[in-house]
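The values are calculated or read from the model by the stated rules, or taken from the named source; none is laboratory data. In this text the structure is predicted, and so the values were computed from the model without any measurement. With ideal geometry, Cβ positions are generated from the backbone for all residues, glycine too; neighbour counts draw on all protein chains shown.
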């Protein structure tokens, strides 16, 4: 079977499974006291959906820079067996892998409840035993184990979503957003329906009519779905990259008498984009503009996540810039 026909088959299976998932959800919503069989069947269908998505991802050509960050079960278990102190002491050969995992942890912990964040920090960052954490928080050890498992599961789903975005990033830097919507597990089936219809050009009214819901419900579902997607794609801003590709932004056309911040405001892009364009022309103390800004913010006590949000870049790129800045400052 060719790759194209195999992909078509998997996509047909995925569509069929989603319809089955939606039907089971409708049955469960209509009957709060639904039998256990329905709930079991729903979990089984969702497991099949995850397997089909994984099969689709395997059909795509691997990009060299992302292949080593594969988040299959074996690789993810590697994180679960490490304390934060052990992660920090990884040798040079594992630095790229560590940067990816740290970026996932920095961004992905926002998916957790406050209790899950607390337990995750104590167990994985501080390396404490479950029994000791249970005594410290005054709860049963089984509660801590369950909370830690749920926290890691949320982190795993977020990491898989981030990896999906990477595999859906085209060679020119733009994102195949439709594929992200079709395959990510971070949105609900209804959000997926609304987002796909919106990508097809449907207005909110047409979406509501197609799904048989009120327009305000369709709008609310769309906003929630977009919020979930923004978590995955915020640092891969395809609009900015298109602006560069379409030569709206050109290094040789920018007025270098203006500061990087002024240029970012003028063209409506993030500082990171301007810094990338100026990498070869503006340097301070042996650092590029990006490295210098990251270094100064780090010295001021800002976290990697805060710096990434301020500059409009991936947390992993913050760690890379910081490592190079430290080398230049040494």
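Within the option set 164, 122, 79, 59, being modelled with pLDDT of 80 or more and at negative phi holds for one residue only, 122.
Scanning the range 186-195 for residues that are part of a helix (DSSP H, G or I) and under 19 Å from the mean Cα position of the chain (by Cα) returns 189, 191, 192, 195. Flag: residue 145 does not match the condition of being under 22 Å from the mean Cα position of the chain (by Cα) and free of Cβ contacts under 8 Å to residues at least 24 places away in the same chain.
Among residues of the range 167-177 being farther than 19 Å from residue 194 by Cβ and not in a loop (DSSP other than H, G, I, E, B), the one that is modelled with the highest pLDDT is 167.
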